[in-house]
Amino acid sequence: MINLSIAVMHCPISARRRFNVERFIFEFGVHNIQHKVVDFQVFSDWYEKGAWWNARRCWIWGLSTKSTHHLVIQDDIQICGNFVDTLKLCIETYPDNPLGLYANRKVCEEAKKKDLRWCQIPDGVWGQAIVLPHSLIADFLTWEKKHIRPDFKHDDSRLAMYLVEKKIPAMCPMPSLVEHTGARHSIVGQSNKNKVARWFVEKKDYLEYNWGQKDFVKSPSMLSKEYYKYYVRS
């Protein structure tokens with residue numbers, strides 16, 4: 001049985017992000033969410049301590065829940081139709097893999113052309129929305145503390161480096177379950193209008209897709225060599 005917990009990374013100093021949190025909490029279904037997930041929390045970074053500082057809190061909190069899988073999702077996204085129910089179906093298909101619910105690699109277009117539901121990407125976890133099996137969270141946190149310098153500001157790239165190192169491929173559902181609406185308003189100084197999902201479908205009930213279809217297309221890792229300046233070998 002899939003038991004899901006959800007943690008929202010929130011930067012409340014932005015009015016846009018505060019509004020967005022309210023919007024997608026409404027889309028989750030304020031009165032229904034408690035019947036669909038083990039727990040749900042919003043983690044606010046009022047003092048702008050950074051994406052990794054807040055993401056780490058979200059993952060640690062996930063360890064304290066009784067969930068089988070934990071989602072960390074950012075506050076500048078749009079969710080698909082029937083998001084929670086769709087996500088549970090995706091988890092049931094690949095319960096032992098990390099899931100990247102947003103993807104913008106070119107391989108996504110190949111999946112769309114072939115009408116496949118999945119891409120396998122070694123480093124396919126972007127901060128917009130990531131699911132980890134509960135069993136992986138502690139190992140990831142232990143690994144990154146040992147191998148990644150504290151001044152590395154990227155939350156998702158830490159996890160990507162861990163997955164590549166451990167040879168645990170991420171699976172990305174196609175079309176993506178979330179869209180990056182905040183692409184032009186990055187809080188870490190990486191605003192880019194092109195940082196949007198390669199394939200996201202608005203105004204569609206995602207339960208209409210067959211998420212049990214396990215066929216996938218593969219992509220190689222595209223981790224930046226620059227990240228490894230922050231990697232500690234031991």
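All of the numbers you see were taken from the coordinates with simple rules; none came from a lab. Note that this is a predicted model, so its numbers are computed, not measured. All Cβ positions, glycine included, derive from the backbone under ideal geometry; neighbour counts span all protein chains shown.
Results, tabulated for the structure shown:
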quantity	calculated
Only Lys, Arg (+1) and Asp, Glu (-1) charged, at Cβ; segment 1-107 dipole about Cα centre in debye	200 debye
Percentage relative contact order, the chain, counting C-alpha pairs under 8 Å, at least six apart	26 percent
Amide H within-cut-off set for W118, under 5 Å, with H built and near neighbours excluded	M174, V217
Cut-off under 5 Å, modelled amide H: who pairs with G124 long-range	A170
Segment 95-234, relative contact order in percent, only Cα pairs under 8 angstrom and at least six apart counted	40 percent
Integer Hz, Karplus 6.51/-1.76/1.60 couplings in order for segment 145-153, x for Gly and Pro	5, 7, 10, 10, 4, x, 7, 6, 8
Helix-only mean residue ellipticity at 222 nm for the chain, each DSSP H run of n ≥ 4 adding -39500 (n - 2.57), per residue, nearest 500	-10000 deg cm²/dmol
Calculated mean projected area of the Cα convex hull in nm² (choose from (1) 15.7; (2) 14.2; (3) 12.0), label	(3)
Estimated vicinal HN-Hα couplings, Hz - segment 204-220 in sequence order (Karplus 6.51, -1.76, 1.60; Gly, Pro = x)	9, 6, 5, 5, 6, 7, 8, 6, x, 5, 9, 5, 8, 10, 9, 10, x
Label-to-label distance, nm, for residues given as N3 and D139 (7 Å Cα→Cβ offset)	2.1 nm
Rounded to 5, percent antiparallel among DSSP beta bridges of the chain	45 percent
Added length on full extension, which subtracts the Cα-Cα distance from 0.36 nm per residue, K49 to Y228	62.2 nm
Protection proxy ranking, peptides 218-226, 95-103, average beta carbon neighbours within 10 Å, highest first	95-103, 218-226
Net dipole in debye of the chain [+1 Lys, Arg Cβ; -1 Asp, Glu Cβ; about Cα centre; nearest 20]	640 debye
Protection proxy ranking of 126-137, 35-46, 77-88 - average other beta-carbon atoms within 10 Å, highest first	126-137, 77-88, 35-46
